[in-house]
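The next block holds one structure in the form of structure tokens; read it before the comments.
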Amino acid sequence: MLALAMPASADLWTSSPPGSAARVEQEAAPAPTQRAPSTDTGARDDSRQAPFTLTVLVDSACPLSPAVLQDALAFARTHADVDVRVFVATRPARSRDGMRTLVAAAEAGLRVAWAPGAVRRLAPVALPAVYLEDHQGRGARATGRPPLEALWRAVARGSRG
């Protein structure tokens, strides 16, 4: 059982649910570009498949999305074994305030894409939403601002079994 102390909801699964984050991302995103790995920025070496994938779905107009993006960026900096990607669910806001965190995440090395089709296939019940999966499709999904470390520990522990 997973208990959350922040305003969020979460559930775990042990097989690929319909529209799992890893499969949707493979369908939605263009081929990744090569990047040098960096521990201080969260950038990834895309030539290898990471054992875990964190997919963050945000709405640039949502006041909670910048905090979730900051959490994802901090998580990426501390977990080199997790491929972190961000899907923007709605057309990005044209204001500087609405875009600032998205631009900062992209500049820090996270893959950020406007992907409304991928978001529809993932079918989150609310935004922001987070999907954390291992390479076998087992994982956790949450909405709101979940504690990413707790989700990661639950998924990593389940991946060992």
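The values are calculated or read from the model by the stated rules, or taken from the named source; none is laboratory data. Keep in mind it's a predicted model, so treat the numbers as computed, not measured. Don't worry about glycine lacking a Cβ; one is built from the backbone with ideal geometry, like all the others, and counts go over all protein chains shown. To get the accessible areas, we keep the full protein, side chains included, count just its heavy atoms, and leave off ligands, DNA and RNA. Shrake-Rupley method; radii C 1.70, N 1.55, O 1.52, S 1.80 Å.
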Residues that are over 17 Å from VAL84 (Cβ atoms), modelled with pLDDT of 90 or more and in contact with a Lys or Arg (Cβ under 7 Å, 6 or more places away or on another chain), drawn from the range 123-161: none
Pairs where the first residue, in the range 117-138, is hydroxyl-bearing (Ser, Thr, Tyr) and the second is surrounded by 19 or more Cβ atoms within 10 Å (Cβ to Cβ), C-beta under 6 Å, 6+ apart: TYR131/ALA21; TYR131/THR55; TYR131/ARG141
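Could you tell me which residue of the range 51-90 is most open to solvent (accessible area, probe 1.4 Å), considering only residues that are more than 27 Å from ASP134 (Cβ to Cβ) and in contact with a helix residue (DSSP H, G or I) (Cβ under 8 Å, 6 or more places away or on another chain)? Even if it seems obvious, please write down each step before you answer.
Here is the first cut: in the range 51-90, the residues more than 27 Å from ASP134 (Cβ to Cβ) are 60-63, 66, 90.
Next, from what is left, pick out any that are in contact with a helix residue (DSSP H, G or I) (Cβ under 8 Å, 6 or more places away or on another chain): 60-61, 66, 90.
Values: SER60: 17, ALA61: 81, PRO66: 46, THR90: 51 Å².
It comes out as ALA61.
Okay, residues lined up against (1) open to solvent by less than 20 Å² (accessible area, probe 1.4 Å); (2) not in a helix (DSSP H, G or I):
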{"position": "LEU102", "(1), (2)": "yes, no"}
{"position": "ALA106", "(1), (2)": "no, no"}
{"position": "ALA126", "(1), (2)": "no, yes"}
{"position": "TYR131", "(1), (2)": "yes, yes"}
{"position": "ALA142", "(1), (2)": "yes, yes"}
{"position": "PRO146", "(1), (2)": "yes, yes"}
{"position": "ARG153", "(1), (2)": "no, no"}
{"position": "ARG157", "(1), (2)": "no, no"}
Only one residue in SER20, SER9, SER95 is open to solvent by 20 Å² or more (accessible area, probe 1.4 Å), closer than 23 Å to PRO124 by Cβ and either modelled with pLDDT of 90 or more or among the polar types (S, T, N, Q) (or both), so which one is that? SER9
Sole exception among (1) under 16 Å from ARG141 (Cα atoms); (2) of a type in the set (D, E, K, R); (3) at pLDDT 90 or above; (4) in a helix (DSSP H, G or I) for ASP83, by number: (4)
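Quick one: is ALA61 in a loop (DSSP other than H, G, I, E, B), over 28 Å from GLY137 (Cβ atoms) and touching a residue at least 24 places away in the same chain (Cβ under 8 Å)?
On the way: in a loop (DSSP other than H, G, I, E, B): yes; over 28 Å from GLY137 (Cβ atoms): yes; touching a residue at least 24 places away in the same chain (Cβ under 8 Å): yes.
So ALA61 fits the description; yes.
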